[in-house]
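Undergrad: Here it is, the structure, as structure tokens.
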Amino acid sequence: MATVNKNLSHYDQATIPNAENMRFGIVVSEWNSEITENLYKGAEQALLENGAKADNIIRWDVPGSFELIYGATLMGERLPVDAIIVLGSIIQGETRHFEFISQAVAQGIKDLNMQIDIPTILGVLTDDTNQQAVDRSGGKHGNKGIECAIAAIKMANLRLKFNDEE
Ligand code: DLZ
């Protein structure tokens, strides 16, 4: 597995742009909420630690990971945010729903990145077991929410830099 040796919480703060003037939207799936709440805590904490203001972090909740696509699209169209993070946890069940939802969300967020001028970061865990999801949402492999927050800051910085130059 690609991330097995990588701790998702580790980053070099010296290399991260200051997020003081950036606005972030976070869309959170309620499905497997014990996992997604920890992803949210990780993301929020990392944004704050890198200078973001609490008032500039806007959270919307949606029922499941599939609805992250519409939630992020609506947010991107309606709110003046510099980056969006979607957070979800899809865990393998006994049906093929896992594959359908995982692929749909990845495809939907990829499409969104091509449609609107706001970078959208994919923070959806896709795991075979609940323990794997725990391990990657603040457990032994770190927190995917932190990794996504750092990606969001970097992408917001890229967007703002480009817009400033225009
Ligand atoms: C239906 C469903 C299933 C079986 N599993 C998950 C899951 O593991 N993680 C998740 O975020 N959502 C799941 N869902 C719900 C779908 O994402 C969606 O909310 C429903 O299909 C309604 O559109």
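Undergrad: Kindly indicate the residue of segment 81-98 that is more than 7 Å from the ligand (Cβ to nearest atom) and free of Cβ contacts under 8 Å to residues at least 40 places away in the same chain and also farthest from A52 (Cα to Cα) among those meeting that condition.
TA: First, pick out the residues of segment 81-98 that are more than 7 Å from the ligand (Cβ to nearest atom): 81-87, 92, 94, 96.
From what is left, the residues that are free of Cβ contacts under 8 Å to residues at least 40 places away in the same chain are 92, 94, 96.
Details: Q92: 35, E94: 41, R96: 39 Å.
By that ranking, first place goes to E94.
Undergrad: Does M114 meet the test of being at pLDDT 95 or above, part of a helix (DSSP H, G or I) and surrounded by fewer than 18 Cβ atoms within 10 Å (Cβ to Cβ)? Walk me through it before giving the result.
TA: Values: at pLDDT 95 or above: yes; part of a helix (DSSP H, G or I): yes; surrounded by fewer than 18 Cβ atoms within 10 Å (Cβ to Cβ): yes.
Spelling it out, M114 is indeed at pLDDT 95 or above, part of a helix (DSSP H, G or I) and surrounded by fewer than 18 Cβ atoms within 10 Å (Cβ to Cβ).
Undergrad: In addition: Filter segment 10-45 down to the residues that are surrounded by 17 or more Cβ atoms within 10 Å (Cβ to Cβ) and of a type in the set (S, T, N, Q), then identify the one that is farthest from the ligand (Cβ to nearest atom).
TA: The qualifying residue farthest from the ligand (Cβ to nearest atom) is N38.
Undergrad: Could you tell me whether any residue of segment 71-83 is part of a strand (DSSP E or B) and surrounded by 15 or more Cβ atoms within 10 Å (Cβ to Cβ)? Give the derivation first.
TA: Kept after step one, since they are part of a strand (DSSP E or B), are these residues of segment 71-83: 83.
Adding the requirement that they be surrounded by 15 or more Cβ atoms within 10 Å (Cβ to Cβ) leaves 83.
Looking for residues that are part of a strand (DSSP E or B) and surrounded by 15 or more Cβ atoms within 10 Å (Cβ to Cβ), one finds at least one in segment 71-83, hence yes.
The values are calculated or read from the model by the stated rules, or taken from the named source; none is laboratory data. Treat the numbers as computed from the prediction; the structure is a model and nothing was measured. Glycine gets a Cβ as well: all are built from the backbone with ideal geometry, and neighbour counts include every protein chain shown.
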